[in-house]
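To start, the structure itself, in structure tokens.
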Amino acid sequence: MDIPGKACGACSMCCKVLEIEELEKPAGPACKNCIVGGGCRIYQQRPDVCREFECLWKNDRNMGAKLRPDRVGTILMEDEECNEYRAVCDPDKPLAWRTPLVFQHLVSVAKSGRIVVAKAGLKSWRIRASGEWGPEV
Ligand code: SF4
Ligand code: SF4
């Protein structure tokens, strides 16, 4: 069910930043079906992986409009395989997760006991409950 105020709107971060195997799209460049300003040229025929994906911002009433991914340059999402809470950034702006609004959120998630990792391309950083952060090893 859609949450009021939680439309993707002009955001298309996930269509750019994420790797999408089904479309043979690497992480970084925008999908060839992406419409500048938001939207998908093949919306009705888009693959299941696109239909099923929703970032955490879209489904969390507690995350305000300022945290919409395109506004902070960071997609918040779960990594189901390793149970990590992830902040995925555009490789062109790899430190966008340090935007104060995002960083405060990530520290609060770390304080709740989650493993929090920021990623940009092949780079990754661990954010700890103390507010310390550094390259993930
Ligand atoms: S990153 Fe989230 S808000 Fe942005 S287009 Fe994808 S699902 Fe929508
Ligand atoms: S097919 Fe459409 S929804 Fe899927 S990544 Fe490309 S632009 Fe986004």
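The values are calculated or read from the model by the stated rules, or taken from the named source; none is laboratory data. All of these numbers come straight from a predicted model, not from anything done at the bench. Because the Cβ atoms are built from the backbone with ideal geometry, glycine has one as well, and the counts that use them run over all protein chains shown.
Observations
- Qualifying residue in region 1-12 (condition: near ligand 2 (Cβ under 8 Å from one of its atoms), out of contact with any Leu (no Cβ under 6 Å at 6 or more places or on another chain) and either closer than 21 Å to Lys93 by Cβ or modelled with pLDDT under 95 (or both)): yes
- Failed criterion for Arg71 (all others in (1) of a type outside the set (Val, Ile, Thr); (2) within 16 Å of Gly9 (Cβ to Cβ); (3) outside any helix (DSSP H, G or I) hold): (3)
- Conditions (1) small (Gly, Ala, Ser); (2) closer than 29 Å to Arg126 by Cβ; (3) surrounded by 12 or more Cβ atoms within 10 Å (Cβ to Cβ); (4) more than 9 Å from ligand 1 (Cβ to nearest atom): number failed by Ser12: (4)
- When the residues of region 31-41 are filtered to those that are at pLDDT 95 or above and part of a loop (DSSP other than H, G, I, E, B), the one that is nearest to ligand 1 (Cβ to nearest atom) is Cys31.
- Candidate set from region 88-104 (those that are touching a residue at least 40 places away in the same chain (Cβ under 8 Å) and buried (at least 21 other Cβ atoms within 10 Å of the Cβ)); member that is farthest from the chain's Cα centre (by Cα): Cys89
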